[in-house]
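Notes follow the structure.
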Amino acid sequence: MVQNIYDDKEFFDKYIQLRNNPLSYNEILEMPVMKQLLPSVNNMDVLDIGCGMGKFINYILTFNPNSITGMDISANMIDYARNEVTNEEVKLIVSDLMNFETNEKYDVIVSSLALHYIENYRSAVEKIYGLLNPSGTFIFSSEHPIQTATKQTEYWSHEPEEYNHYKMDHYFEESLRTTQWINKGVERYHRTVSTLINTLIEEGFTIERVEETGNNEYSLAKWDDAQIKKVNHYPPFIVIKAQK
């Protein structure tokens, strides 16, 4: 069972405040890469897995897709997205991926920071492959395995100076990790980079691009020195583009 922490009102309200910050890691590091890797969606059918607040859906709408379906396990997220998405023809569905049932096929499937919540990654990849039309494209982001590996509660070594080293341990132990985020225990699954990539290949995908997010023109222009230094030491996200 996938943890549905976003339907916890206290957590959700704090998350919305964080996610709407234009200087957030999502806006500065992750979304620029997701947007860069997005193929032409003109007249295409698009599925957004874990669509959240609908931000990426609104971006995709500017490129004239034939249809967009957004799916998220959180009713809070879907309610929020219904107020934010600018096109009434967008389908927004409360569901997790593994229980999502449809006869439709999609040309492009995107997923922003959702798959690391799913226990059986191979089953998720297999299902996504089946949802795609021939030659369809799948783009997803995940917390980087370097970030999810450690089982320590303090992620940073501050010696001899602040944010000197990011800790990484138990890298090859693929299992559930619980981290304290927004004052809650958030569950997600740690997997190695090789598992993320090789599972896609084994299930029939061709890998087109892999990006590990680091400092870029936006972070260097908008962040303070402490934030820039932190990201110099580790990649918060990995983004993978694959084709059926």
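Data for the structure
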{"quantity": "Some residue of the stretch 232-241 being closer than 24 Å to I5 by Cβ and modelled with pLDDT under 95", "calculated": "yes"}
{"quantity": "Failed item, numbered, when T69 is tested on (1) of a type in the set (S, T, N, Q); (2) touching a strand residue (DSSP E or B) at 6+ places or on another chain (Cβ under 7 Å); (3) closer than 26 Å to R209 by Cβ; (4) surrounded by fewer than 18 Cβ atoms within 10 Å (Cβ to Cβ)", "calculated": "(4)"}
{"quantity": "Single residue of the stretch 1-37 satisfying the filter (hydrophobic (A, V, I, L, M, F, W, C) and over 24 Å from V94 (Cα atoms)) that is surrounded by the fewest Cβ atoms within 10 Å (Cβ to Cβ)", "calculated": "L23"}
{"quantity": "Selection count, the stretch 176-234, where residues are farther than 30 Å from G130 by Cα and in contact with a Pro (Cβ under 6 Å, 6 or more places away or on another chain)", "calculated": "1"}
{"quantity": "Unique residue being among the aromatic types (F, W, Y), closer than 22 Å to L37 by Cβ and not in a strand (DSSP E or B) when the list is Y171, Y129", "calculated": "Y129"}
{"quantity": "Residue that is more than 21 Å from M98 (Cα to Cα) and either touching a residue at least 40 places away in the same chain (Cβ under 8 Å) or among the polar types (S, T, N, Q) (or both), where the choices are I5, I28", "calculated": "I28"}
{"quantity": "Those residues of the stretch 101-114 which are in contact with a Gly (Cβ under 8 Å, 6 or more places away or on another chain) and among the hydrophobic types (A, V, I, L, M, F, W, C), in sequence order", "calculated": "V108, I109, L113, A114"}
{"quantity": "Residue that is surrounded by the most Cβ atoms within 10 Å (Cβ to Cβ), among those in the stretch 194-230 that are within 26 Å of W156 (Cβ to Cβ) and among the small types (G, A, S)", "calculated": "S219"}
{"quantity": "Subset of the stretch 100-136 that is polar (S, T, N, Q) and touching a Lys or Arg at 6+ places or on another chain (Cβ under 8 Å) - its residue that is farthest from G70 (Cα to Cα)", "calculated": "S135"}
{"quantity": "Within the stretch 149-164, considering residues that are among the aromatic types (F, W, Y) and assigned to a loop (DSSP other than H, G, I, E, B), the one nearest to the chain's Cα centre (by Cα)", "calculated": "Y155"}
{"quantity": "The stretch 176-189, residues that are within 20 Å of the chain's Cα centre (by Cα) and farther than 16 Å from A114 by Cα", "calculated": "Q180, I182, K184, G185"}
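Rundown of residues vs (1) surrounded by fewer than 15 Cβ atoms within 10 Å (Cβ to Cβ); (2) closer than 19 Å to I49 by Cα; (3) not hydrophobic (A, V, I, L, M, F, W, C), yes/no style:
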{"site": "K127", "(1), (2), (3)": "no, yes, yes"}
{"site": "G130", "(1), (2), (3)": "yes, yes, yes"}
{"site": "S141", "(1), (2), (3)": "no, yes, yes"}
{"site": "P145", "(1), (2), (3)": "no, no, yes"}
{"site": "Q152", "(1), (2), (3)": "yes, no, yes"}
{"site": "T192", "(1), (2), (3)": "no, no, yes"}
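The values are calculated or read from the model by the stated rules, or taken from the named source; none is laboratory data. A quick note: this is a predicted structure, and the numbers were derived from the prediction, not measured. FYI the Cβ positions are ideal-geometry reconstructions off the backbone, even for glycines, and counts take in every protein chain you see.
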